[in-house]
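**Q** This structure is in structure tokens; I'll ask about it shortly.
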């Protein structure tokens, strides 16, 4: 089959569709998180994809040569969709039809204008949680919350959408010169300078400055060591948010995290030191552009709709859960009564020793 390359939606891609090796269809082929395979709804064939368990590891790239080495070939025909409501930018299969933004639910979505070429990810953390499992994860999370209105347990997740979100990860060797205060106890403080050398591994930076969700930071603890080399099959039937925070901007953000890591490391080494300033040189900086799996959903309780976020790799879940107002009032009243009783008993206990005049 000849390959017909073109630029569409800011992405240089190849128009070779994902097809079932059994029956040849490209309709309905999707990635199955439970078995880490492509499943065909017609002939039932499952095609196993590479996993970390069988040695598949996403390569780390040299930062200084990134612009020369950046691939923009996503492996099969893609389109970039932009939401006019929230600004989210999603990468879809060219034949996949979407009527709503996966981030905010708006139907005001349009193909992106052709501008710059967008780097293809060099790694993916595959979904290991299926859409069917999200309901149990939601209920289990709600059960762990205190004073929950038990009617929440009857709620069903709605608009469950799985998609990949972008991250930069950085590794680097560091050589730092720090200026610190040393605690001398009752003698006060003195100043101390020193050198610190440390290897930094997998500092992660969320690579979207447009995706706004109240709980995404609560569930983004991914195991980046389990990222596999990028393959378009992992995105079969699943949209992906493209990065809007570029590689250089991501590196600047990571340096802030690294500075915090280094200051804490010096303090752990010597608890008497409080680092005030640190200047760092970075060597052999390497990076990865990874896609990580997330589910967004909602549920209705009364007249309100609550957002839900679920980590598609670990199952970590977060959402707001309505509380039982009657229980809160009851426990609050009991606490006030107990406090009043304790205060009364205290007064009785110390009354004999009070000089009343």
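The values are calculated or read from the model by the stated rules, or taken from the named source; none is laboratory data. What you are looking at is a predicted structure, and each value in this text was computed from that prediction instead of being measured. All Cβ positions, even for glycine, are placed from backbone atoms using ideal geometry, and neighbour counts span all protein chains on display.
The rows are residues; the columns are (1) loosely packed, with under 15 Cβ neighbours inside 10 Å; (2) on the phi > 0 side of the Ramachandran plot; (3) in a helix (DSSP H, G or I).
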position	(1), (2), (3)
175	yes, no, no
178	no, no, no
186	yes, no, yes
198	no, no, no
201	yes, no, no
204	no, no, no
209	yes, no, no
221	yes, no, no
225	yes, no, yes
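**Q** Then there is this: Looking at 317, 298, 280, 305 in this structure, which one is without any contact (Cβ under 8 Å) to a residue 40 or more places away in the chain and touching a strand residue (DSSP E or B) at 6+ places or on another chain (Cβ under 7 Å)?
**A** Going through 317, 298, 280, 305 in turn, just one is without any contact (Cβ under 8 Å) to a residue 40 or more places away in the chain and touching a strand residue (DSSP E or B) at 6+ places or on another chain (Cβ under 7 Å): 305.
**Q** Also: Consider residue 240 against the criteria (1) touching a residue at least 12 places away in the same chain (Cβ under 8 Å); (2) farther than 24 Å from residue 36 by Cβ; (3) out of contact with any helix residue (DSSP H, G or I) (no Cβ under 7 Å at 6 or more places or on another chain): it satisfies all of them except one. Which criterion is unmet?
**A** Here residue 240 clears every test but (2).
**Q** If residue 213 satisfies all but one of (1) in contact with a strand residue (DSSP E or B) (Cβ under 7 Å, 6 or more places away or on another chain); (2) farther than 30 Å from residue 34 by Cα; (3) not in a strand (DSSP E or B), what's the number of the condition it fails?
**A** Looking at each condition in turn, residue 213 falls short on (2).
**Q** Can I ask one more? Scan 179, 189, 199 and give me the residue that is in contact with a strand residue (DSSP E or B) (Cβ under 7 Å, 6 or more places away or on another chain), closer than 22 Å to residue 286 by Cβ and assigned by TED's automatic domain parsing to the domain that holds residue 127.
**A** 199
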